[in-house]
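Visitor: I have a structure here, written as structure tokens, and I will follow up with some questions on it.
Every number here is computed from the coordinates shown, using simple stated rules; none is lab data. Note that the structure is a prediction, hence the values are computed from the model and not measured. Using ideal geometry, Cβ is built from the backbone for each residue, glycine included, and neighbour counts are taken over all protein chains shown.
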Amino acid sequence: MILDSLEEILTSIIKNIYDVNHINLVLTNRSDLCDYQINDVFKIAKENKLNPIIVGENIEKAIREYPNYDKYFKNVEFVKPGFINISLSDNILNENLNYMVNNPKFGLKNSDPKVTFILDYGGPNIAKPLHVGHLRTAIIGEAIKRIIKYKGNDVIADVHLGDYGLQIGEVIYAILNDHKKDEEITLDYLNEAYPRMSAICKENEDIKKECEEITKKMQDGDLEYNRLCDIITEVSLSDIKDLYKTLDVSFDLWESERSAYKYIPTVEEILNNKGLLHESEGAMVIDVACDTDSKEIPPMIFQKSNKAYLYGTTDMATIYDREQKYHPDYMIYVTDDRQSMHFKQVFRASLKAGITDTTFEHKSYGTVNGPDGKPFKTRAGKAPSLRELLSETKDIFISKKEDNVNMSDDDINKIVNSIVKFADLQNNMANDYIFDINKFANTSGKTGPYILYTYLRINKIIKDKDIDMNILTNEIYNKYERDLKLKLLEYQNVIDSAFMNRMPNYIADYLYDLCVLVNTFYQNNHINSLDDTIKQNNWIYLLSLTNKLLKELLNLLAIEIPTEM
Ligand code: ARG
């Protein structure tokens, strides 16, 4: 808001002397010199065939002569070779902060028009324990969901369970061969049977074929296999739901590969009517390559030669179902980057078939590595399940400080979540990142505990203090206060960029910057011992506003605040 209206004013001032369309105001990286700067001097000089120094001097003069100069600016200065440094008046800075305080969502504008999103994240697989990769989609997806909603849009979160693939056939094979009764199909049994079968199938082609056969029969409707699949799903799902509850991640829909099966015949008919399916080496495929592709995009396999349907088939059937029910404007998938080709094929095939006209986005993420730069392993040296990762994080956090042992389970859980979530969310999701529990469990540095600790500390300072709104003034007393206030004013821009790019790391970075500035402000201003009650009142007010923002931002990242640390 501050940037927009100032850009307008500055553009209109400069338009009086030069032929310009729009002036860009950017936050300065020299906060010791000014708040914002205009970097367009060279451009204007070039376009008007003039000397940049003359242009810069003229712009400075024109702004200084602006009738409302004092209202908006504290200082405006041309600096060679081509920058206009701008410092805002205390008045306008505070006015903008007041605007934030007095408006819902701190003045953030809703998306216009409001649109509907389907967000596909989580994607756990029935009967297989969730692994570290599933942590990333849960954490990133949940944050993207909250950001989209916060901008006033509709968003439907679908977990899209993997519940009808080969892993189920393998577990059914184990149940039958182990002669397990229904009530013996427990979580412990699944946790033992799946890895055992998966290893056996890698060695033994015959058993693998049998498992594939079972899977195929189940998909074709075999009653007994589907009954067993129901039991496996029920057992596995209660564990999965429990894990998501621990992570404070939630879904509106619990649709799955299996629930999409009933739409396959309709999609197949549409494809056939349009002549899009053709045979290739016994399989039925859809061509999705384009002339403009820089590398080869192979056809999407719709049905294998043994008549089985695949991952892409159920994804297309799901897309058909979603379009019929919700007409989403956007469909976003959050998975690891190894699925990029899969989604490219599915998106193209679906648009070609005309089963949707949505805008597809695949938000892919990289691998979680350990401090050695290789895929993350536990202290025992194996790739951990998600539960193992959380419990190891908990142990390390507790071992950091004696007092931590006495914290409530609920608080510890919230801090563990903050550790894993903030470690992940501060990265550009497309990149791999290094999860060093020891580092991320610290209360200093760019970590979840640091952010939470800052919030709680400020809360303690302002807790019993009353703010007298009648004696608030528009004065800014020093640089620490000014830096913090300027940062607070970035709120809307940060959320808008996070929303537009679907990148929660913008919010994580901003949260951290705010915490650093508010800590510096507090350390350099001895608020509690001030004699000047007006100043003290202003500063308590500023701290309370900062904490309100921190709380809102933490909520967008689904990081909950413990009662104490
Ligand atoms: N179950 C898949 C996996 O574990 C992820 C599912 C993603 N969503 C989708 N619609 N394909 O990799």
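Visitor: Considering the dipole of the range 418-565 built from charges on the beta carbon (Lys and Arg +1, Asp and Glu -1) around the Cα centre, which of Q523, S444, L456 is farthest to its positive end?
Guide: Highest projection toward the positive end goes to S444.
Visitor: Take the alpha-carbon positions of the range 480-532, form their convex hull, and give its projected area averaged over all directions (one quarter of the hull surface) in nm².
Guide: Its average projected convex-hull area is 3.9 nm².
Visitor: Among M341, L351, S364, flag the residue with its Cα farthest along the positive direction of the charge dipole of the chain, charges on Cβ as +1 for Lys/Arg and -1 for Asp/Glu.
Guide: Working it through, the farthest residue towards the positive pole turns out to be S364.
Visitor: Let me ask another. Which of the lysines could a cross-linker span from K377 if the Cα-Cα distance has to be under 19 Å and same-chain partners fewer than 8 positions apart are dropped?
Guide: Within the straight-line limit of under 19 Å, K377 reaches these lysines: K128, K394, K421, K439.
Visitor: Rank-order 409-419, 286-296 by packing density, defined as the average count of other C-beta atoms within 10 Å over each peptide's residues, highest first.
Guide: 409-419, 286-296
Visitor: When the Cα centres of the range 383-462 and the range 218-237 are compared, how far apart do they sit, in Å?
Guide: So the two Cα centres are separated by 38 Å.
Visitor: Of the trypsin sites (Lys or Arg not before Pro) in the range 454-493, which ones lie in a loop per DSSP and count no more than 16 other C-beta atoms within 10 Å?
Guide: Sites meeting the loop and neighbour criteria: K463, K465.
Visitor: Next question, about the same structure. Semi-axes, largest first, in whole Å: what does sqrt of 5 times each Cα gyration tensor eigenvalue give for the chain?
Guide: For the chain, the semi-axes come out at 52, 32, 19 Å.
Visitor: If each residue's Cβ is checked for other Cβ atoms within 10 Å, how do M341, M316, M331 rank with the fewest at the top?
Guide: Sorted ascending by nearby Cβ count, the order is M341, M331, M316.
Visitor: Could you state the angle between the C-alpha long axis of helix 187-203 and the longest principal axis of the C-alpha atoms of the chain, as a value from 0 to 90 degrees rounded to the nearest 10?
Guide: With rounding to tens, the tilt is 70 degrees.
Visitor: For the range 163-206 and the range 239-302, compute the distance between their C-alpha centroids and round to whole Å.
Guide: 25
Visitor: Calculate, for E490 and K109, the FRET efficiency according to 1/(1 + (r/R0)^6) with r their C-beta to C-beta distance and R0 22 Å; round to the nearest 0.05.
Guide: For E490 and K109, the calculated efficiency is 0.90.
Visitor: Expressed in nm to one decimal, what extension gain is obtained for the pair D432 and D32 from 0.36 nm per residue of sequence separation less their Cα-Cα distance?
Guide: 140.5 nm
Visitor: Against the longest alpha carbon principal axis of the chain, how many degrees, from 0 to 90 and to the nearest 10, is the axis of helix 166-177 turned?
Guide: 40
Visitor: Continuing with the same structure: Size of the dipole of the range 189-228 about the Cα centre, Lys and Arg at +1 and Asp and Glu at -1 on the beta carbon, nothing else charged, in debye to 20?
Guide: 140
Visitor: So for the range 1-94, Kirkwood radius off the Cα pairs, Stokes-Einstein at 37 °C and 0.692 mPa s: how many µm² s⁻¹?
Guide: Rounded, D is 249 µm²/s.
Visitor: What's the extension gain from K352 to D372 if we count 0.36 nm per residue and subtract their Cα-Cα distance?
Guide: 2.8 nm
Visitor: Oh, and also: Can you give me the angle between helix 533-556 and the longest principal axis of the chain, using Cα atoms only, in degrees from 0 to 90, rounded to the nearest 10?
Guide: The angle comes out at about 20 degrees.
Visitor: Treat every Asp and Glu Cβ in the range 115-272 as -1 and every Lys and Arg Cβ as +1, leave all other atoms uncharged, and give the resulting dipole magnitude about the Cα centre to the nearest 20 debye.
Guide: Magnitude of the dipole: close to 680 debye.
Visitor: Right, next: Take E183, E481 and order them by how many other Cβ atoms sit within 10 Å, fewest up front.
Guide: E183, E481
Visitor: Relative contact order of the range 385-452, please, whole-number percent, based on alpha carbon pairs below 8 angstrom and at least 6 residues apart.
Guide: The value is 31 percent.
Visitor: To continue, here is another question. Express the Stokes-Einstein translational diffusion coefficient of the range 220-314 in µm² s⁻¹, to the nearest whole number, given a Kirkwood radius over alpha-carbon pairs, 4 °C and a viscosity of 1.567 mPa s.
Guide: 79
Visitor: Through the Karplus equation 6.51 cos²θ - 1.76 cosθ + 1.60, θ set to phi - 60°, convert the phi angles of the range 345-357 into ³J(HN,Hα) values in whole Hz; use x for Gly and Pro.
Guide: In residue order, the calculated couplings are 5, 5, 4, 5, 4, 5, 5, 4, 6, x, 7, 7, 10 Hz.
Visitor: Between N39 and I396, how high is the FRET efficiency from 1/(1 + (r/R0)^6) when r is the Cβ-Cβ distance and R₀ = 41 Å? Nearest 0.05.
Guide: Computed FRET efficiency for N39 and I396 comes out at 0.35.
Visitor: While we're looking at this one, here's another question. Of the listed peptides 24-35, 523-534, 437-448, what is their order by residue-averaged count of other C-beta atoms within 10 Å, with the highest listed first?
Guide: The most tightly packed comes first, giving 437-448, 24-35, 523-534.
Visitor: What's the center-to-center distance, using Cα atoms, between the range 478-517 and the range 70-102 in Å?
Guide: Taking the Cα centre of each part, the range 478-517 and the range 70-102 sit 18 Å apart.
Visitor: Arrange the following residues from fewest to most other Cβ atoms within 10 Å of their Cβ: H134, H179.
Guide: The fewest-first ordering by Cβ neighbours comes to H179, H134.
Visitor: For D410 and K295, what does the FRET efficiency come to when R0 = 51 Å and r is the distance between their Cβ atoms, rounded to the nearest 0.05?
Guide: The value I calculate is 0.55.
Visitor: Also, quick follow-up: How far is it, in nm, from the label point at K202 to the one at E552 when both lie 7 Å from their Cα along the line to the Cβ?
Guide: Result for the modelled spin labels: 5.0 nm.
Visitor: Then there is this: Compute the distance in nm between two label points, each set 7 Å from the Cα along the Cα-to-Cβ direction, one at N306 and one at N470.
Guide: Calculated label separation equals 8.2 nm.
Visitor: Placing +1 at every Lys and Arg Cβ and -1 at every Asp and Glu Cβ, with all other atoms neutral, what dipole size does the chain have around its Cα centre, in debye to the nearest 20?
Guide: 1180
Visitor: Figure the gain on full extension for K344 and S238 (residue separation times 0.36 nm, minus the Cα-Cα span) and round it to one decimal in nm.
Guide: The span from K344 to S238 would gain 34.9 nm if fully extended.
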